[in-house]
Each structure stands twice: as structure tokens, then as C-alpha cells.
Amino acid sequence: MITAEWKPIEEMVGYLRGHKKVLVIGCATCVAECAAGGEREVETLAPLLAMAMQNDGNPIEVKSATLERQCEPEFLEAIAEAAAEADAIVSVACGIGMQLVAERYADTPLYPGVNTTSLSIREEPGLWTSRCAACGDCVLGFTFGLCPVARCAKSLQNGPCGGTRTNGMCEINQDTPCIWRLIVERATARGRLEDLTKVRPPKDWSNSPAGGPKRMLREDLRS
Amino acid sequence: MANNSTADFQPQITLLYCRQSLAAEVKPVQGNRAGNGFSVRLVLLPCSSKVQLPHLMRLLEQGSDGLQIAACPEKACQHLVGSNRAEKRIARGRELLEQVGMGAERLGLDRGAGLSLDDLMEMAGQRAEALRALGPNPMKGV
Ligand code: SF4
Ligand code: SF4
């Protein structure tokens, strides 16, 4: 799922000064799963923003709504009336959803209530960890199903770096397992350690976010 | 009209209590009661874990001066981890209330078993005292 985290409320207060009618919107999909932008979070944030703005000396009227998905145009129509009445929108969906709302309701300023942070799994209740960085040239086939782009602090393609802690954790973050240690362990368990010494074609980074905005075209699906 | 003078501030507390925390012979009560220097609205819950941040924040947005949760002792929760979940939520709620300038003391959780109505009133009174310095809820009458 795409994960996001609430921005500091102080930052949101800064955005909202000068506004009077604010619509807080969430998304019931990814950001609900990571407890940042689902209905529960929207209905927590909306009263908190009302209180924060009251204490800031800039009282606002706050309305709220949680859309099924904020990244699909059809679902945005549900807030047409509320968006027309609002003079600002705070979205706690991912950056994709936020931008679609900003485009659909272009006359109303949209402010981010979250930072979009990763493509992660929920590893345990209350803990999400990265699995993919949308690099555009997946190497999981060489790395025994463990991603060295998203899960190695240096995105090393031939690891480990030599800094792995004696307890197997990454030298950069002691709460994160060294993914290259796990890759080596899985290769060893399969009796395929030698595979990691094979020369691989260079990874094509031009299809990654660093290669510029993505435009994916499928002629067979176009009308 | 909101009472904005701290000197004669009579905090309005909403006390949400777990049914299981009451003594067996005590009949659950709901509704408003007057305490000494505060008033309280009693709300019965089937388990303290039923408290969710959206409800708590709405109660404060609507002007309640403070919220007190009465939960069972850690090992006595009928749902095993219900009261622990409630406790963690309350801790997060307190952090958020501090961030928005409302003050963490507007929300609290205490545990107890075999409670009487007087015990609940005492808990509410302690919440009223803990938040007295914060003054009335600025959302009152908004
Ligand atoms: S190699 Fe690239 S596409 Fe594959 S999981 Fe890692 S970041 Fe995602
Ligand atoms: S310790 Fe492992 S995960 Fe951390 S930077 Fe080095 S190779 Fe990457």
C-alpha cells in the first residue's frame, strides 16, 4: 500500500490562516490501511483542526468527508457540493489523490494534511515497512524476492556494504534488518549462493522516478 | 454565554466508564450529575476499548471541558487487551490535544475495579482539578 503520515498540526494551521470554511477529506483505501487518512483519521483531524484554529485566533468551520478512493475521478464527485462551499480543502490522501482533487476543484486551495512516504506493508499492527520504491526495473528475480532498492539504505545492487551490524541489522538504522544479509541467507538456504556472484546486466534506472515524470501508454486500452 | 473566568470555573466533565469496572451491586447510571465544583455527564460503555479518538475529539470540539475514561485494571479486562488499547489511544489523544493548544489534561484514563458511583464522581473531580488551570474549553459556545 501507499503509506502516509500526518503533517505536524502546526504546519496545517499555517496553511489555514485566513480561511473560514475548511473541508477535510480522506480516502478509504491505502491511507486508511496505514491509519493516516481513513474515516477514523479524518474524523479525528477535523475537530482537532477546529480546536487548533480556535486557539490560534483564526476560528474556522470544518466539514469532513471520506471518499472511497481519492485517486479515481469518479469518486470525487461525492464532495462536489461540499467543495463548492469550502474556501480550503485539507486532504489526508496520498499525493496522487491530493493532486486529482486539486485538479477537479481547481478554484479551491488544497493543502496536504499528510506526507506521502512509501510503498509498504503492514508488518505488524502499528508497524509499516518499505517493500518497493517503484524503481521501474524490478530486480526481485535476482535478489531472491527481497528488494535492495527500497530496503537497503544505500539501494546497493551488490551488497552487503560491509557495515552490517553483528546482530544482522543495517548500519544506518538499527531497527531495519540489513536486506543484503537476508538476501544472502535466502540464497544460501536455497543452495544458490553462487547466483549472487553472476554478472548481471546493468540496471536501467531511466524507468525510475529519477528518469523524470512517468507516462505509461497502452494503445490497446485507449478509446 | 461561556464562563471565561477561571476563578468561578465549574468544569463540565464527560466521564465514560466501563460497565465491568463497577461493583456488582452498583446499578449503572447515565446522565448529568453535579459534583463539588464541577458537573459530570456519565456515559456507560460496554468496555473502555469502545472509546475512539474521533468521538473524544468531537466531545471536546462541542465544548466539554474534559473527558475522563474509567477502565478496568490491566489484567481484568473482559476483552483481555481492551483497556490497554484504550490507554494507548488516550495517550495519543493527549499528545494531539497538546499540539492543538487544548492541553493534555483535558483527557485522561484511570483504572479501577469494584467502583461505586462515588468513586466515579471522585475520578471526574480529579479530572476537573487536573484541568482547572487550563480554564474553560475555548470551543464552548462556538
Ligand atoms: S526492485 Fe524496484 S520494482 Fe522491484 S520491488 Fe524493488 S523498487 Fe520495487
Ligand atoms: S547494512 Fe545492509 S541494508 Fe544497510 S546499507 Fe549496508 S547493505 Fe544496505
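The values are calculated or read from the model by the stated rules, or taken from the named source; none is laboratory data. Worth saying up front: this structure is predicted, and the values here are computed from it rather than measured. Positions of Cβ are generated from backbone atoms using ideal geometry, with glycine treated the same way; all protein chains shown enter the neighbour counts. Calculation scope for accessible area: heavy atoms of the full protein, side chains included, ligands and nucleic acids excluded. Shrake-Rupley method; radii C 1.70, N 1.55, O 1.52, S 1.80 Å.
Could you work out what % of the accessible surface of chain A is carbon and sulfur, using a 1.4 angstrom probe and leaving DNA, RNA and ligands out of the count?
Values: 6340 of 12390 Å².
On chain A, the fraction of accessible area on carbon and sulfur atoms equals 51 percent.
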Phi angles of the stretch B:81-91, converted by Karplus (6.51 cos²θ - 1.76 cosθ + 1.60, θ = phi - 60°) into ³J(HN,Hα) in whole Hz with x for Gly and Pro, give 10, x, 5, 5, 4, 4, 4, 5, 5, 5, 4
If amide H atoms are modeled at 1.01 Å from N in the peptide plane, then the residues at a separation of 5 or more from A:VAL24, or on another chain, having amide H under 5 Å from its own are A:LYS63, A:SER64, A:ALA65, A:VAL90
Computed over the stretch B:45-139, protein heavy atoms only, probe 1.4 angstrom, the accessible area per residue in square angstrom equals 43
As a percent rounded to 5, the proportion of antiparallel DSSP bridges among beta bridges in the stretch B:1-132 is 20
In terms of the charge dipole of the stretch A:52-205, which places +1 on Lys and Arg and -1 on Asp and Glu at the beta carbon, the residue among A:VAL149, A:LEU182, A:VAL139 farthest towards the positive end is A:LEU182
Here the stretch A:206-223 yields Karplus 3J(HN,Hα) values (6.51, -1.76, 1.60; θ = phi - 60°; whole Hz; Gly and Pro given as x) of 5, 9, 8, x, 5, x, x, x, 8, 9, 9, 10, 10, 4, 5, 9, 7, 9
Expected vector for the stretch A:105-113, Karplus 3J(HN,Hα) from phi with 6.51, -1.76, 1.60 and θ = phi - 60°, integer Hz, x for Gly and Pro, equals 10, 5, 7, 10, x, 10, 10, x, x
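Rounded, prolate or oblate: which fits chain B, taking a ≥ b ≥ c as square roots of the Cα gyration tensor eigenvalues, rounded meaning a/c under 1.5, else prolate when a/b beats b/c?
Numbers: a/c = 2.16, a/b = 1.40, b/c = 1.54.
The shape class here is oblate.
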On complex formation of A with B, accessible surface lost, both sides summed, probe 1.4 Å, nearest 100 Å², amounts to 1400
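Using the heavy atoms of the protein chains alone and a 1.4 angstrom probe, what is the accessible area of chain A per residue in square angstrom? Don't jump to the answer; show the numbers that get you there.
Numbers: 12390 Å² over 223 residues.
Heavy-atom accessible area per residue stands at 56 Å².
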Taking a straight Cα-to-Cα line shorter than 20 Å from B:LYS50, and setting aside same-chain aspartates and glutamates fewer than 8 residues away, one finds A:GLU33, A:GLU39, A:GLU41, A:GLU43, B:GLU61, B:GLU74, B:GLU87, B:GLU95, B:ASP110
GNM of chain A, Cα pairs under 10 angstrom: of A:PRO73, A:PRO202, A:PRO47, the biggest fluctuation goes to A:PRO202
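Mean separation of Cα pairs under 8 Å and 6+ residues apart, divided by the residue count of chain B: what relative contact order is that in percent? If you can, show how the numbers build up before the last one.
Numbers: 265 pairs, mean separation 47.2, N = 142.
Averaging sequence separation for qualifying contacts and normalising by length gives 33 percent for chain B.
For chain A, what does -39500 (n - 2.57) per DSSP helix run (n ≥ 4), summed and divided by total residues, give at 222 nm, in deg cm²/dmol to the nearest 500?
Numbers: 8 runs with 64 residues, N = 223.
Computed ellipticity for chain A at 222 nm equals -7500 deg cm²/dmol.
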